[in-house]
Amino acid sequence: MGHSVSVTRGVRVEVSSRYLAERSQPAQDFYFFAYRIIISNDSSDALQLISRHWIITDGRGQVEQVRGSGVVGKQPRLQPGEKFEYSSFCPLTTPRGSMRGSYLMQADQGPSFEVEIASFTLEMPLELN
């Protein structure tokens, strides 16, 4: 299971990933991963998540970039001390890869800023290979 934690300007992003064997088809080079993210606003400003930018790298080194509004169809507002948690998915054509990226956050007081999502692995467990 992949895991990462990063903190940018008081915003903590914690990620954990897992392989979903029941949704994968290794014989067809289709590997399905789920990841869960907890965003914690440990700053003193109210913030809104505006957009996301993902950089997905597969086991062959192929890179795909994904940009979009919000996360899971939402642009959550986080007051100081609040958390937002969500889950999403990533299919790969290799049994191993990684993801990293950023969120664009808008502070109520001040300019928008990028929040790092540290790299985490997407990996089929060895016992399933």
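What follows is calculated from the coordinates using simple rules that are stated; it is not laboratory data. Since the model is a prediction, treat every value here as computed from it, not as a measurement. Positions of Cβ are generated from backbone atoms using ideal geometry, with glycine treated the same way; all protein chains shown enter the neighbour counts.
Below are the figures for this structure:
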item	result
Local electrostatic count, P80, Cβ distance below 9 Å [Lys/Arg +1, Asp/Glu -1]	-3
Proximal charge balance of C90 [Cβ under 14 Å; K/R count +1, D/E count -1]	+3
Simple label model, 7 Å out from Cα along Cβ direction - F30 to S44, nm	5.2
Magnitude of the charge dipole, the chain, Cβ model with Lys/Arg +1 and Asp/Glu -1, debye to 20	140
Estimated D of the chain in µm² per second, where Rh is the Kirkwood radius over Cα pairs and Stokes-Einstein applies at 10 °C, 1.306 mPa s	104
Amide N of segment 60-77 lying under 20 Å from the label point, which is placed 7 angstrom from the Cα of F113 along Cα→Cβ	70, 76-77
If the convex hull is drawn through the Cα atoms of segment 66-108, its volume per residue in Å³	108
